[in-house]
């Protein structure tokens, strides 16, 4: 029972989400605040509530996705299906309700502590979008990919919004401070990276899963436009991401472009080189297992993108 639940909620993805939010707060926002002579704004308890809210809501999203897709998954990955093979549909639905409910409660705590009711609505809006995505949007051309990608890109804003709300208390003391722009610039950059890499991975995953998707009349990019167009679109997104990354590296980051510089080495070896490897894997792929390798490499690149904050923090 426990083993099936752990498989259903994608514990590794949830761990990645938790690490990403913690790292962005502790290794990006806090140093920025210190550089601008502001104290850390989020207490450890409030940060924990923010992380737990998103983690539990995301877990519920994974569960409801498998609830609606178990027949497709029986074709695409029969060895990993849990719904109706480890948990009944009723038990799966109850698990979804419990996980999502816990996430909303944590989100409500955050909104209450900050007196920020828009944030509370956001924690209600995300589960609603995840439900409609799993039930319908996922099977529609482009829309499903965009929804997942936008939600991934929105993640950093769950750190931005509380910090900005708390900094706003300083009122006149904020005049002349550049801290708002810096926080939006840094975490917004992580959001754009998450959006583009998630979209790329979703298209590659659609190529891998198209056998089952065709059986249930899903309108994904490879099914509607073919594998070649899906590969071209994925490659275009990768090239756009690499171009933006190089632009930020050369024009925006306050670090010298030199091999001795840790952020520079990280961008070259930790991000650009894996992106090139991703392009090679993608264009050599011809069977589902090949695309599986390509999308797993993209998942690794997403993790490396988040961990770039390590290079910045300890440069």
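Here, each number is a calculation from the coordinates, and none is a lab measurement. All figures in this text were calculated on a predicted structure; none of them were measured in a lab. Here the Cβ positions follow ideal geometry from the backbone for every residue, glycine too, while neighbour counts run over all protein chains shown.
Some points to look at:
- Taking the average, over residues, of other Cβ atoms within 10 Å as the packing measure, peptides 274-280, 37-43 rank 274-280, 37-43 from highest down.
- When the chain is treated as a GNM with alpha-carbon contacts under 10 Å, the residue of 289, 235, 58 showing the greatest mean-square fluctuation is 289.
- Under the criterion of Cα pairs below 8 Å and six or more residues apart, the relative contact order for region 141-315 equals 24 percent.
- Of the peptides 17-23, 165-171, the order by per-residue mean of other Cβ atoms within 10 Å, starting with the highest, comes out as 17-23, 165-171.
- Least to most buried among 220, 200 (fewest other Cβ within 10 Å first): 220, 200
- For the options 213, 66, 12, a Gaussian network treatment of the chain with springs between C-alpha atoms closer than 10 Å singles out 12 as fluctuating the most.
- Fewest-first ranking of 89, 26, using other Cβ atoms within 10 Å as the exposure measure: 89, 26
- Listing 56, 314 from fewest to most neighbouring C-beta atoms within 10 Å gives 314, 56.
- Normalised by the number of residues in the chain, the average gap of Cα pairs under 8 Å and 6 or more apart makes the relative contact order 20 percent.
- Three-way shape call for region 79-201 based on the alpha-carbon gyration tensor, with the a/c threshold at 1.5: oblate
- Three-way shape label, region 186-315, alpha-carbon gyration tensor, a/c 1.5: prolate
- Stretched out straight at 0.36 nm per residue, the stretch from residue 79 to residue 11 would grow longer than its current Cα-Cα span by 22.7 nm.
- Judged by the gyration tensor of its Cα atoms, with axes a ≥ b ≥ c, the chain is oblate; a/c meets the 1.5 cut and b/c is at least as large as a/b.
- Selected from 210, 140, 295 as most flexible by GNM, with the chain as the system and alpha-carbon contacts under 10 Å: 140
- The chain: calculated mean residue ellipticity at 222 nm from DSSP helix runs of at least 4, using -39500 (n - 2.57): -23500 deg cm²/dmol
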